[in-house]
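A.B. asks: The structure follows.
The values are calculated or read from the model by the stated rules, or taken from the named source; none is laboratory data. Fair warning: this is a prediction, and the values are worked out from it, not measured in the lab. FYI the Cβ positions are ideal-geometry reconstructions off the backbone, even for glycines, and counts take in every protein chain you see. SASA here: full protein model, heavy atoms, side chains in, ligands and nucleic acids out. Shrake-Rupley method; radii C 1.70, N 1.55, O 1.52, S 1.80 Å.
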Amino acid sequence: MAEKILVTGGTGYIGSHTTVELIEKNFETVIIDNLCNSSTEALKGITEITGTEPAFENFDLCDYEKLLDCLRKHKNIKAIIHFAALKAVGESVEKPLEYYKNNLVSLLNLLMAMREFHIPALVFSSSCTVYGEPDKLPVTEESPIKSASSPYGNTKQISEEIIHDTISAVPGIRAICLRYFNPIGAHKSSLIGELPLGTPMNLIPYITQTVAGIREELRIFGNDYDTPDGTGIRDYIDVGDLARAHVKAISRLLEDRNKKPVEIFNLGTGKGLSVLDIVKTFEKATGMQVRYKFYPRRPGDISRVYADTSLANKELQWKADTPLEETLLSAWKWEKRIRNLS
Ligand code: NAD
Ligand code: WQD
């Protein structure tokens with residue numbers, strides 16, 4: 001019988017891609033999402049790609065009673081992947097209470113429900129933001145955690161601590177925290193992808209919207225960093241590769257019970273690329289020109305971060321291997337599809 005996985009935030013960007021990968025590996029999926037940053041279009045996309053419609057429950061994870069009702073209805077959940085969170089760094093500075101409440105109460109509720117229903121496994125979406133501006137590159141899982149520069153980043157640090165403390169105290173639960181670097185791209189079918197509301201904050205949607213004519217030009221934030229071309233360096237990881245790492249993490253939790261109770265893995269490519277590298281590769285991959293201008297640095301940005309991924313490569317037997325051109329082309333095809341461009 002297929003093992004049942006609960007995916008919180010499963011209609012969101014990374015959650016929808018992961019649900020596809022889970023279904024394709026014969027897991028049964030139940031999605032919880034309150035659609036505060038996604039829509040049921042993602043369910044249609046998942047169903048069209050896989051031929052299977054995931055179970056879907058629309059409610060806010062901050063509502064503990066609804067979560068209990070959901071787990072009474074969907075019995076025998078074997079593991080949870082917890083994507084649901086608010087994620088806009090800038091907004092979190094303006095609305096810290098909303099961010100702390102949403103991201104922390106939903107995690108507390110899930111952990112209490114795991115204890116109540118004896119659900120033994122959790123995969124948690126963490127972020128490279130916990131490393132701040134690293135002293136040494138690439139960053140390993142042992143690199144120091146820096147004090148968070150935003151309430152959003154702080155919710156990820158506090159969440160990891162809550163998970164550690166809970167798992168030390170509650171026997172029978174294990175967790176894997178996955179620290180994502182910069183997830184980009186869309187499913188190759190163009191049926192699911194990233195749907196930023198309003199003006200995008202992240203680089204790739206800003207580029208695709210500029211090329212689609214929705215934005216006048218890409219503003220490159222800073223060309224005076226201490227990097228080869230002066231622009232900021234990040235580790236951009238294909239969302240499909242990222243999704244596949246979650247399936248590996250789930251399998252590790254379900255199959256190999258002799259590992260540490262809490263494990264942490266960096267998920268990136270291990271390669272640092274500048275904003276200009278991304279612009280040039282996008283142009284090559286799509287044949288489209290990106291209009292851009294240099295602007296001052298964006299407050300709060302760091303100059304360089306990229307991952308040491310050797311732990312995930314070895315322990316999860318996983319590697320990000322989608323070529324960057326393919327990923328950037330998928331982002332452009334997705335933008336064209338949602339804007340009805342030919
Ligand atoms: P997303 O906004 O596309 O997906 C999150 C989903 O969670 C949305 O569908 C939203 O409606 C839902 N949600 C939020 N709060 C909820 C609540 N209280 N109850 C029910 N549903 C709720 O974001 P994403 O990019 O897919 O990110 C997924 C996770 O990965 C988040 O935890 C995010 O912090 C983390 N992460 C994302 C990135 C990135 O760059 N996208 C990088 C590092 C970490
Ligand atoms: C990438 C690079 C910008 C937009 C954010 C969060 C982080 C994590 C991943 C969740 C930087 C430059 C961007 C633009 C630009 N998310 N840029 N013009 O800032 O690395 O990380 O997403 O955990 O917490 O902070 O990603 O895509 O915003 O920026 O020049 O319009 O592109 O300065 O060098 P970032 P990003």
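A.B. asks: Just for the range 233-257: of the residues that are touching an Asp or Glu at 6+ places or on another chain (Cβ under 6 Å) and open to solvent by less than 20 Å² (accessible area, probe 1.4 Å), which one is farthest from Ala79 (Cα to Cα)?
C.D. replies: Across the range 233-257, the extreme among qualifying residues is Ala243.
A.B. asks: Within the bounds of the range 52-72, is there any residue that is of a type in the set (S, T, N, Q), under 23 Å from Asp241 (Cα atoms) and away from ligand 2 (no atom under 16 Å from the Cβ)?
C.D. replies: Within the range 52-72, one or more residues are of a type in the set (S, T, N, Q), under 23 Å from Asp241 (Cα atoms) and away from ligand 2 (no atom under 16 Å from the Cβ).
A.B. asks: Mind listing whichever residues of the range 295-308 are away from ligand 1 (no atom under 16 Å from the Cβ), touching a Ser or Thr at 6+ places or on another chain (Cβ under 8 Å), more than 30 Å from Glu255 (Cβ to Cβ) and open to solvent by 30 Å² or more (accessible area, probe 1.4 Å)?
C.D. replies: Result: Arg304, single match.
A.B. asks: Which residue pairs have Cβ atoms under 7 Å apart, sit 6 or more places apart or on different chains, and have a first residue in the range 12-25 that is under 10 Å from Thr52 (Cβ atoms) and a second that is open to solvent by 20 Å² or more (accessible area, probe 1.4 Å) and aliphatic (A, V, I, L, M)?
C.D. replies: Hits for this filter: Val20/Ile49.
A.B. asks: Read through the list (1) under 20 Å from Gly268 (Cα atoms); (2) at pLDDT 95 or above; (3) open to solvent by 40 Å² or more (accessible area, probe 1.4 Å), then give the number of the only condition that Gln157 fails.
C.D. replies: Only one criterion in (1) under 20 Å from Gly268 (Cα atoms); (2) at pLDDT 95 or above; (3) open to solvent by 40 Å² or more (accessible area, probe 1.4 Å) is unmet by Gln157, namely (3).
A.B. asks: If the requirement is being within 26 Å of Ile5 (Cα to Cα), in contact with a helix residue (DSSP H, G or I) (Cβ under 8 Å, 6 or more places away or on another chain) and open to solvent by 50 Å² or more (accessible area, probe 1.4 Å), which of these qualifies: Lys188, Lys146?
C.D. replies: Every option except Lys188 fails the conditions.
A.B. asks: Please specify each residue of the range 75-99 satisfying the condition of being part of a loop (DSSP other than H, G, I, E, B), within 16 Å of ligand 2 (Cβ to nearest atom) and under 15 Å from Met114 (Cβ atoms).
C.D. replies: Result: Ala84, single match.
A.B. asks: Does Ile192 satisfy the condition of being among the hydrophobic types (A, V, I, L, M, F, W, C) and more than 23 Å from Glu48 (Cβ to Cβ)?
C.D. replies: Criteria not met by Ile192.
A.B. asks: Residue check: is Leu311 closer than 19 Å to Leu137 by Cα, more than 16 Å from ligand 1 (Cβ to nearest atom) and surrounded by fewer than 18 Cβ atoms within 10 Å (Cβ to Cβ)?
C.D. replies: Yes: the conditions hold for Leu311.
A.B. asks: How about the range 72-99: which of its residues are buried (at least 19 other Cβ atoms within 10 Å of the Cβ) and free of Cβ contacts under 8 Å to residues at least 60 places away in the same chain?
C.D. replies: Correct list: Tyr99 only.
A.B. asks: Quick check on my filter: what residues within the range 10-57 are touching a strand residue (DSSP E or B) at 6+ places or on another chain (Cβ under 6 Å) and open to solvent by 50 Å² or more (accessible area, probe 1.4 Å)?
C.D. replies: Glu28, Phe56
A.B. asks: Here is a follow-up. Do we find that Ser251 is among the small types (Gly, Ala, Ser) and not in a loop (DSSP other than H, G, I, E, B) in this structure?
C.D. replies: Answer is yes for this residue.
A.B. asks: Right, another one. Tell me which of these Pro144 doesn't satisfy, since it passes every other one: (1) without any contact (Cβ under 8 Å) to a residue 40 or more places away in the chain; (2) assigned to a helix (DSSP H, G or I).
C.D. replies: Failing condition for Pro144: (2).
A.B. asks: Can I ask one more? Tell me, which residue of the range 100-137 that is surrounded by fewer than 20 Cβ atoms within 10 Å (Cβ to Cβ) and part of a loop (DSSP other than H, G, I, E, B) is farthest from the chain's Cα centre (by Cα)?
C.D. replies: His118
A.B. asks: Can you name the condition, by its number, that Ser342 falls short on among (1) in contact (Cβ under 8 Å) with a residue 24 or more places away in the chain; (2) open to solvent by 80 Å² or more (accessible area, probe 1.4 Å); (3) among the hydroxyl-bearing types (Ser, Thr, Tyr)?
C.D. replies: (1)
A.B. asks: Then there's this: Determine which single condition Phe56 fails, assuming it passes every other condition in (1) over 20 Å from Leu111 (Cβ atoms); (2) in a helix (DSSP H, G or I).
C.D. replies: In the conditions (1) over 20 Å from Leu111 (Cβ atoms); (2) in a helix (DSSP H, G or I), Phe56 misses (2) alone.
A.B. asks: Let me confirm something: among Thr199, Thr227, which residue is open to solvent by 30 Å² or more (accessible area, probe 1.4 Å), within 11 Å of ligand 2 (Cβ to nearest atom) and either closer than 25 Å to Cys36 by Cβ or of a type in the set (Ser, Thr, Tyr) (or both)?
C.D. replies: Being open to solvent by 30 Å² or more (accessible area, probe 1.4 Å), within 11 Å of ligand 2 (Cβ to nearest atom) and either closer than 25 Å to Cys36 by Cβ or of a type in the set (Ser, Thr, Tyr) (or both) holds for just one of Thr199, Thr227, which is Thr199.
A.B. asks: Does Thr199 qualify as being within 16 Å of ligand 1 (Cβ to nearest atom) and farther than 30 Å from Leu316 by Cβ?
C.D. replies: Yes: the conditions hold for Thr199.
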